[in-house]
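Enquirer: First the structure, which I've put down as structure tokens, then a few questions once you've had a look.
The values are calculated or read from the model by the stated rules, or taken from the named source; none is laboratory data. As the structure is a prediction and not an experimental result, all values here were calculated from the model. Using ideal geometry, Cβ is built from the backbone for each residue, glycine included, and neighbour counts are taken over all protein chains shown.
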Amino acid sequence: MVEFDYVEAAGDTFARPEAFAFEPERIFVTDHGRDFTIVSVAAGNSVGDALSGRPFIPVDPLPGKLIVGERPRGARPPGFSP
């Protein structure tokens, strides 16, 4: 499962994230040498959110795009903690 908009709101509450299931039977590609995995995500979820309503986030091939102190975007496996 992937969650979008999982952000802290006012106080100690969190905004409602949009959760979508993975569909690895459609697309699943992994490259251990380059340390990446691509997996298909469902077009919709159980509460009626459409994946097509999410903005497109392009992958920029140029290095050095992360600013010190900025949080990177990316997927984390279940149970991951920094």
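Enquirer: Considering only region 32-57, how many residues are surrounded by 10 or more Cβ atoms within 10 Å (Cβ to Cβ), modelled with pLDDT of 90 or more and not hydrophobic (A, V, I, L, M, F, W, C)?
Expert: Number satisfying all stated conditions: 4.
Enquirer: Also, I was wondering about something else. Looking only at region 6-25, decide whether some residue is at pLDDT 75 or above, in contact with a strand residue (DSSP E or B) (Cβ under 7 Å, 6 or more places away or on another chain) and exposed (fewer than 11 other Cβ atoms within 10 Å of the Cβ).
Expert: Scanning region 6-25, I find no residue that is at pLDDT 75 or above, in contact with a strand residue (DSSP E or B) (Cβ under 7 Å, 6 or more places away or on another chain) and exposed (fewer than 11 other Cβ atoms within 10 Å of the Cβ), so the answer is no.
Enquirer: For the structure I just gave you, tell me whether Val29 is in contact (Cβ under 8 Å) with a residue 24 or more places away in the chain and either in contact with a strand residue (DSSP E or B) (Cβ under 9 Å, 6 or more places away or on another chain) or exposed (fewer than 10 other Cβ atoms within 10 Å of the Cβ) (or both).
Expert: Considered against the rule, which asks whether it is in contact (Cβ under 8 Å) with a residue 24 or more places away in the chain and either in contact with a strand residue (DSSP E or B) (Cβ under 9 Å, 6 or more places away or on another chain) or exposed (fewer than 10 other Cβ atoms within 10 Å of the Cβ) (or both), Val29 comes out as no.
Enquirer: Give, as residue ranges, the strands (runs of 3 or more DSSP E) completely inside region 1-48 that count at least 1 residues that are among the charged types (D, E, K, R).
Expert: Those strands (runs of 3 or more DSSP E) span 2-4, 18-20, 28-31.
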